[in-house]
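Take a look at the structure below.
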Amino acid sequence: MAKSSDFGAFMEKFTLQPTSSSHQLPLSGLTFAIKDIFDVNGYVTGFGNPDWARTHPAATSTAPAVLAVLGGGATCVGKTVMDEMAYSINGENKHYGTPRNPCAPDRVPGGSSSGSAVAVAAKLVDFSLGTDTGGSVRVPASYCGILGFRPSHDVVPTAGVTPMAQSFDTVGWFVRDPLVLSRVGHVLLHLPMVNPIKPIQVIIPEDCFSLSSIPSNRTSDVLIKSVKKLFGDHIVKHVNLGDYVKDKVPSLQKFMNVGDGDPLYNIASLAALSSAMRLLQRYEFKNNHAEWITRVNPDLGPGISERVWEAVRTTGENIDICHSVKIEFRAALSALIGDSCVLALPTVPGAPPKLQTDPTTLEVFRARAFSLLSIAGVSGFCQVSIPLGVHNNLPVSISLLARHGSDSFLLNLVETLYDTLKQESEIAEKMIN
């Protein structure tokens, strides 16, 4: 069980040594932790729930993603706490405790890869592995003030990872340092290190930034100033993403009244995109786990229990339209975001919520969050959440999203931008204070 000195981040500690002792390897000397969703030979994969752990045998092999970073020279030091069945972005676990957010101890750490984010933020490890289906790397990275990378869908193997919803499941990672972000990424993606490519365009969707309660002078303005300083004024482009998506993704019409598209607090087309994504997510979750859920009737925490049972009751109605939305949306976003281009987004619509907040009071926040998070989820594009210091003593972030398969470009861009972003965010922080 997790101890207070570990910020409650760990389920269990053990050591997996690198598979080679060469000091020439890219991850030599680095330590990492893994979310309790990855198989490790000889250990039970707990999936965030004691009933799951009790009813499943120990794994007989280790997930390829874990083997890859061990092969890269890193040492694994244990498994981390996660939200039950990966079905929350809050980071609270009623069975194993909530990992303590080192940036904001009275706030949630974000989930479902809560312990993995906290272990990095608390400097207990150099990096960690998590998974991101609906936002489970990007959200905790933002809340804990660290870097979090969701790769392009299907480029990092998910074998040996307990599935949530395969159309969206990805293996992601957390770090404090952009150089380590890139090194871990190149190992997991099996990519050679290449020289950075200058971005052709940085797209700022003003409507998406209007969803955030953080003022733009702490988010998009910081990015724009950094980009102009490094690459010049001409590459910044302003768009209305909601209108573009509404025009280019006709299958979303079916979901336009399902998501709450009240213009006072959401963008209709992105709310519809989120509705389509979450329907397909529920359907795939049901196919993966309904048999076990109905047989075992597991003890599940508040919020998660309702979502899990809603998924179990999901039918196949409109699932074919969800797949059409995916195809249309990826094509539309590919047309908007060319090669060597990025789309900027708020990672989340505001500061991390307080611990034990009544879920009903977070409905607007969650709706806005999933409108933003579903953009990478449905398109399968890669996304990185980058910390931008603090606002009102709480962590702030911004995300950059690039085309499917542009992971190496995005990793290199973060390296190039990071120091300037940090300087500009410190200037902005001082001006507000």
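The values are calculated or read from the model by the stated rules, or taken from the named source; none is laboratory data. None of the values given here were measured: they were computed from a predicted structure. Glycine also receives a Cβ, built like all others from the backbone with ideal geometry; neighbour counts cover every protein chain displayed. Ligands, DNA and RNA are excluded from the accessible area calculation, which covers all protein heavy atoms including side chains. Shrake-Rupley method; radii C 1.70, N 1.55, O 1.52, S 1.80 Å.
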Where does the chain land at 222 nm, in deg cm²/dmol rounded to the nearest 500, when only DSSP H runs of n ≥ 4 count, each adding -39500 (n - 2.57), divided by all residues? -11500 deg cm²/dmol
Applying the gyration tensor rule to the Cα atoms of segment 42-199 (axes a ≥ b ≥ c; rounded if a/c under 1.5, else prolate if a/b exceeds b/c, else oblate), the class is oblate
Quantify, in whole percent, the carbon and sulfur part of the accessible surface of the chain (1.4 Å probe; protein heavy atoms only). 51 percent
Distance cut-off 23 Å, Cα to Cα: go down the list 79/326; 228/430; 286/326; 229/422; 286/354 and report the pairs above it. 79/326; 286/354
In the chain, what percentage of the DSSP-assigned beta bridges are antiparallel, given to the nearest 5? 65 percent
With a sphere of radius 15 Å drawn around the Cβ of residue 406, what net charge do the other residues whose Cβ falls strictly inside it have (Lys, Arg +1; Asp, Glu -1)? 0
Using the scaling law 2.2 N^0.38 Å as the reference, what is the normalised Cα Rg of the chain? 0.91
Accessible area (Å², per residue) of segment 346-433, counting only protein heavy atoms and a probe of 1.4 Å: 36 Å²
